[in-house]
Amino acid sequence: MESPFYGYYYISTDCVSNTLDTKEIESYLLNEDHLVNEGNGIFKHTLTFLNLQLMLVKSYDSWSGNDYNERKTNYISIVTRKKLEPNVKQFFQDFERFIGWRIIEELDDD
């Protein structure tokens, strides 16, 4: 059942073998206001509810938070409020431009 409070989003490359440079993404995120690195590819916003996790997954259908790789990323999990705040919407637009991939909302199949 979909949560009425949380919005689940992700960015994935077109196939698991295509990757992005983890260090470039981390550098970009650290230059964003109020985002802090919690370690192992986890970034949290200090003023609003926004969490990102960088991963190198073997399958887009089966992954865990232990899938961090310091060199390569092919999947970024994002959790925020269901109703996007204006600053989060702006971050999404800017991040999509930087990364070159769309942020997709994870929808419940039920």
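Values as computed for the structure displayed
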item: Matching strands (runs of 3 or more DSSP E) fully within region 21-108 where at least 1 residues are acidic (Asp, Glu) and at negative phi; result: 35-39
item: Enumeration of residues in region 62-110 that are under 21 Å from Ser17 (Cβ atoms), among the acidic types (Asp, Glu) and exposed (fewer than 13 other Cβ atoms within 10 Å of the Cβ); result: Glu70
item: Some residue of region 58-73 being in contact with a strand residue (DSSP E or B) (Cβ under 7 Å, 6 or more places away or on another chain), over 16 Å from Asp14 (Cα atoms) and basic (Lys, Arg); result: no
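Quick grid of which residues meet (1) over 22 Å from Arg97 (Cβ atoms); (2) β-branched (Val, Ile, Thr); (3) in contact with a helix residue (DSSP H, G or I) (Cβ under 9 Å, 6 or more places away or on another chain):
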{"residue": "Tyr6", "(1), (2), (3)": "yes, no, no"}
{"residue": "Tyr10", "(1), (2), (3)": "no, no, no"}
{"residue": "Asp14", "(1), (2), (3)": "no, no, no"}
{"residue": "Lys23", "(1), (2), (3)": "no, no, no"}
{"residue": "Glu26", "(1), (2), (3)": "no, no, no"}
{"residue": "Asn31", "(1), (2), (3)": "no, no, no"}
{"residue": "Asn40", "(1), (2), (3)": "yes, no, no"}
{"residue": "Phe43", "(1), (2), (3)": "no, no, yes"}
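Since every read-out is calculated from the coordinates, none of them should be taken as a lab result. Owing to the predicted nature of the structure, the values given are computational and were not obtained by experimental measurement. Note: ideal-geometry Cβ built from the backbone for every residue, glycine included; neighbour counts use all protein chains shown.
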